[in-house]
Amino acid sequence: MPQSLTALDDLLPDDFLGQLAALREARDQLDQQIRAYLAYGREFTGPRPYTLASLAEAAGLSISGVRTAYTTADRDAVARALGRRPRSRS
């Protein structure tokens, strides 16, 4: 752990809650990055996407979790960032 839990005893309530909120924000950003990576791995690599199994193992998800982890909005954000459309599904 980056900070000793005993140091939490010295925090004022507002400081404690502020640090907890900052951790949540960092987690949310990491979750967004993971969704973008999954969308990239499934929709933008070619000629074939990464397998659901390989992405699941790397992301610590189940195969069905990978299938539902990212949305069309996540896919569209990746497309905008890359400046290209997802590969066509045959």
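Descriptive notes on the structure:
- Computed over the chain, relative contact order equals 26 percent, with contacts defined as Cα pairs under 8 Å that lie 6+ residues apart.
- Taking the chain as a Gaussian network of alpha-carbon nodes connected by springs under 10 Å, the highest mean-square fluctuation of the residues ALA58, ALA36, ALA69 belongs to ALA58.
- Each Lys and Arg contributes +1 and each Asp and Glu -1, all at the Cβ; summed about the Cα centre of the chain, the dipole is approximately 1100 debye.
- The ALA59 and ARG89 beta-carbon pair, evaluated with R₀ = 22 Å, returns a calculated FRET efficiency of approximately 0.55.
- For LEU8 and ASP28, the difference between the fully extended length at 0.36 nm per residue and the C-alpha to C-alpha distance is 5.0 nm.
- Given 16 as the ceiling on other Cβ atoms within 10 Å, longest exposed-site-free region of the chain for trypsin sites (Lys or Arg not before Pro) in DSSP loops: 1-83
- Of the DSSP H helices in the chain, those that are both long (alpha-carbon extent of 24 Å or more along the helix axis) and hydrophobic (Kyte-Doolittle mean at least -1.0) are 13-43.
- In a fully extended conformation the segment linking GLN19 and ALA77 would gain 18.0 nm over its present Cα-Cα distance, using 0.36 nm per residue.
Read the figures in this text as sums done on the coordinates, not as results from a lab. Owing to the predicted nature of the structure, the values given are computational and were not obtained by experimental measurement. Because the Cβ atoms are built from the backbone with ideal geometry, glycine has one as well, and the counts that use them run over all protein chains shown.
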